[in-house]
Amino acid sequence: MAQGCNLCNRNCNVSRNNGKTGFCRETEIVRLARAALHYWEEPCISLSCGSGAVFFTGCSLGCIFCQNAPISSSQVGREVSVPALADIFLSLEQQGAANINLVTPTHFVPSIIRALDLARGKGLALPIVYNTGSYDSVETLRMLEGYVDVYLPDCKFASSSLSAALCHASDYYEKALSAIDEMLRQTGPFVFDPSTSDVPVPKYADLSFFSEHTAMKKGVIVRHLVLPGQVEDSCSILKDLYARYGDQIFISIMNQYTPMRDFSSDPSLDPKLAAALSRKLTTYEYEKVLSFAKKIGITNAFIQAGHTAKESFIPAFDYEGLPDQ
């Protein structure tokens, strides 16, 4: 990064190795908020033993509704050296994690690669999951080829005006699709590990009924969080994803949007959008999106049942699993 950081599509071009920061608000020194077993990912990621989730501080998107706002806005974070990060990966493996789940890792990719090399040299054998908002540059993703087994990208917004309002990135959709293209090029169509289950992988599976013992060995799961008042945008995304990738990927259609504050007094937002973001998603809205997905032929999908929009689903960013300073 001596020549300036362009790991994400913000292209800040700042020298983070000299202590400067760009949009992500982070220098090149890795900061983490938590590293622990996590049970609330898609079942083929969490399994019954939990995913080894490593939550990185900072974010290249900064969505105004982020449920992980304390870390995405860099309010919470503890510095961790590259050797210490490698030891964290190994500790999660020793705890029985199903995989190493790198959450919002884009701006620390070079350090993560060095840590993975160190950890693998010490015997790390777990699959690596790359959990991202999908604003990664294609060049950054190419650095990860051979390191990542499962990509877990978001596909948040199709509308450029919506992405401009919610994460100040009007080009989000085109950049996200280019990123997902590269992820799929690396992994190929998804593969489940037959040794982890005695039953076939069901299609269009409700999260609460999908086998907890069926692991994805490699592939891409694209997540889409349905936002209140944005059914049309969600349907547009699902249509495009299915037309572009067909049955090569899984799509996780989520209903867990949690309003973290009242947006109604935010002068930067359209009043109608602000009102929608201030409430939870309705069952009617979510069912409309699911019905559309079924209508166009999507079968490889995860869906959510029940009331998942609860703050209890948000982990405590309390530095669990990190070395003491």
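Looking at the range 67-78, can you tell me whether even one residue there is in contact (Cβ under 8 Å) with a residue 60 or more places away in the chain, buried (at least 21 other Cβ atoms within 10 Å of the Cβ) and either under 23 Å from MET216 (Cβ atoms) or in contact with a His (Cβ under 7 Å, 6 or more places away or on another chain) (or both)? Taking every residue of the range 67-78 in turn, none turns out to be in contact (Cβ under 8 Å) with a residue 60 or more places away in the chain, buried (at least 21 other Cβ atoms within 10 Å of the Cβ) and either under 23 Å from MET216 (Cβ atoms) or in contact with a His (Cβ under 7 Å, 6 or more places away or on another chain) (or both).
Somewhere in the range 135-147, is a residue within 17 Å of VAL220 (Cα to Cα), surrounded by fewer than 17 Cβ atoms within 10 Å (Cβ to Cβ) and among the aromatic types (Phe, Trp, Tyr)? Yes, the range 135-147 contains a residue that is within 17 Å of VAL220 (Cα to Cα), surrounded by fewer than 17 Cβ atoms within 10 Å (Cβ to Cβ) and among the aromatic types (Phe, Trp, Tyr).
ILE303 passes every criterion in (1) among the hydrophobic types (A, V, I, L, M, F, W, C); (2) in contact (Cβ under 8 Å) with a residue 40 or more places away in the chain; (3) exposed (fewer than 13 other Cβ atoms within 10 Å of the Cβ) apart from (3). ALA115: farther than 30 Å from LEU273 by Cα and assigned to a loop (DSSP other than H, G, I, E, B), yes or no? So ALA115 does not fit the description; no.
Residues that are surrounded by 20 or more Cβ atoms within 10 Å (Cβ to Cβ), modelled with pLDDT of 90 or more and either of a type in the set (Phe, Trp, Tyr) or outside any helix (DSSP H, G or I) (or both): does the range 199-213 have at least one? No, the range 199-213 contains no residue that is surrounded by 20 or more Cβ atoms within 10 Å (Cβ to Cβ), modelled with pLDDT of 90 or more and either of a type in the set (Phe, Trp, Tyr) or outside any helix (DSSP H, G or I) (or both). Taking the range 135-150 as the range and being closer than 16 Å to PHE108 by Cα and of a type outside the set (Gly, Ala, Ser) as the test, the residues that pass are TYR135, ASP136, VAL138, GLU139, THR140, LEU141, ARG142, MET143, LEU144, GLU145, TYR147, VAL148. Per the listing ALA35, ALA53, the residue uniquely more than 25 Å from ILE253 (Cα to Cα) and part of a strand (DSSP E or B) is ALA35. From the list SER60, SER134, the lone residue that is modelled with pLDDT of 95 or more, within 22 Å of LEU184 (Cα to Cα), in contact with a Gly (Cβ under 9 Å, 6 or more places away or on another chain) and part of a loop (DSSP other than H, G, I, E, B) is SER60. A count restricted to the range 79-88 and to residues that are crowded, with 17+ Cβ neighbours inside 10 Å and either among the polar types (S, T, N, Q) or in a loop (DSSP other than H, G, I, E, B) (or both) stands at 1.
Within the range 89-106, the set of residues being assigned to a helix (DSSP H, G or I) and touching a helix residue (DSSP H, G or I) at 6+ places or on another chain (Cβ under 8 Å) comprises PHE89, LEU90, THR106.
Do we have any residue at all in the range 169-181 that's at pLDDT below 95 and part of a helix (DSSP H, G or I)? Checking the range 169-181: not a single residue is at pLDDT below 95 and part of a helix (DSSP H, G or I). What about ARG244, is it under 21 Å from LEU152 (Cβ atoms) and either at pLDDT below 95 or assigned to a helix (DSSP H, G or I) (or both)? Answer is yes for this residue.
Within the range 49-56, at least one residue is at negative phi and at pLDDT below 95. Give the range 284-304 a look and list any residue that's farther than 14 Å from ARG223 by Cβ and of a type in the set (Gly, Ala, Ser), or say none. SER291, GLY297, listed by residue number. Of all residues in the range 267-285, those satisfying the criterion of being surrounded by 15 or more Cβ atoms within 10 Å (Cβ to Cβ) and in a helix (DSSP H, G or I) are LEU273, ALA274, ALA275, ALA276, LEU277, GLU285.
Residues in the range 158-167 include at least one that is buried (at least 23 other Cβ atoms within 10 Å of the Cβ), touching a helix residue (DSSP H, G or I) at 6+ places or on another chain (Cβ under 7 Å) and not in a strand (DSSP E or B). Please go through the range 288-297 and give me each residue that is more than 15 Å from GLU232 (Cβ to Cβ) and either in a helix (DSSP H, G or I) or within 21 Å of the chain's Cα centre (by Cα) (or both), ordered by number. Within the range 288-297, LYS294 is the sole residue that qualifies. Inclusion of PRO153 among residues that are of a type outside the set (A, V, I, L, M, F, W, C) and part of a helix (DSSP H, G or I) is not warranted.
Here's the yes/no breakdown for (1) among the β-branched types (Val, Ile, Thr); (2) buried (at least 19 other Cβ atoms within 10 Å of the Cβ); (3) in contact (Cβ under 8 Å) with a residue 12 or more places away in the chain; (4) within 25 Å of LYS175 (Cβ to Cβ):
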residue: ASN6; (1), (2), (3), (4): no, no, yes, yes
residue: ARG10; (1), (2), (3), (4): no, yes, yes, yes
residue: ASN17; (1), (2), (3), (4): no, no, yes, yes
residue: THR21; (1), (2), (3), (4): yes, no, no, yes
residue: VAL30; (1), (2), (3), (4): yes, yes, yes, yes
residue: ALA35; (1), (2), (3), (4): no, yes, yes, no
residue: GLU41; (1), (2), (3), (4): no, yes, yes, yes
residue: LEU47; (1), (2), (3), (4): no, yes, yes, no
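The values are calculated or read from the model by the stated rules, or taken from the named source; none is laboratory data. Note that this is a predicted model, so its numbers are computed, not measured. Reconstructed Cβ throughout: ideal geometry from the backbone, glycine too, with neighbour counts over all protein chains shown.
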